[in-house]
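Please treat every number below as a calculation from the coordinates, not as lab data. Bear in mind that the values here come from a model prediction, so they are computed numbers and not experimental data. Note that each Cβ is placed from the backbone with ideal geometry, even for glycine, and that neighbours are counted across all protein chains shown.
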Amino acid sequence: MLTSRAAAWAAVSGLAGTCMIGISFAINPGPPAGASGAQLTAFGQQHHDAILWGAWLQAVGPALIVLFALAVVALAGATARLAGWMTLFGAATLMTVSLIEITGYLGTLYTSPATMPGTSLALIHAVQHLWLIVAAPALWLPLGLVILGPAVLPRVLGYLALVLAAGYALAGALTLLDLTVPAAVLISAGIPAVWWLAAAGTLLIRAREAPSAAGLPSGAAA
């Protein structure tokens, strides 16, 4: 079992990772819809630094969130349960999809060959489907089941995680025939940020209330 100090650092990791992703979206605006190859190249040159910093934040942020999610699995004693293993699988899947998308961001900055920015943008649109179809549901579903076990976090967060898993799986099916995921669906991807902040904030509070060398109380109020 993790000590309360380790749990506190894991919670800080979750909070930091969530904030980093939010900042990455804020500083890294997408190119205008229907932009030509020349316009994409000009956009990349104009927003060069913002795209690079946004890519860095979006690469590191999810890794910190995954650390928090795996800490929840450890605190719940679910490392040997199927839900715990599936959370690990979901975290790995989400990180893979996220890094592929970030590769597309970086690719838009290359001007040789001339088709590179457009090809990279198409890759981004394509991989965003994978986030909805499998990456997000594969993490939210087992993590929700883990939280519904021992009272490491409030059970309501477990139920909300299951709702998010179902919602994103449904969105992935409904947008499957669209080459580009609708903007409204992409904007809704910010909803989990509230969940991560609530979960990490709750764990941080509980960790601070426990002795630093002890594990979190298993009977914490749900």
Distance in nm between Gln39 and Val156 label points, each 7 Å along Cα→Cβ, equals 4.5 nm
Please report how far the C-alpha centroid of region 74-108 lies from that of region 22-47, rounded to the nearest whole angstrom.
27 Å
Determine, from the Cβ-Cβ distance of Ile27 and Thr202 and an R0 of 22 Å, the FRET efficiency 1/(1 + (r/R0)^6), rounded to the nearest 0.05.
0.20
Helix hunt in the chain: which complete DSSP H runs extend at least 30 Å axially by C-alpha with mean Kyte-Doolittle at least -1.0?
4-27, 48-75, 82-107
So what is the calculated 222 nm ellipticity per residue for the chain, using -39500 (n - 2.57) for each DSSP H run with n of 4 or more, over all residues, to the nearest 500 deg cm²/dmol?
-24500 deg cm²/dmol
Starting from the Cα-Cα distance between Ile191 and Val163, subtract it from 0.36 nm times their residue separation and give me the gain in nm to one decimal.
8.9 nm
Of [x] 0.92; [y] 1.03; [z] 1.10, the label for Rg/Rh (Cα atoms, Kirkwood Rh) derived from the coordinates
[y]
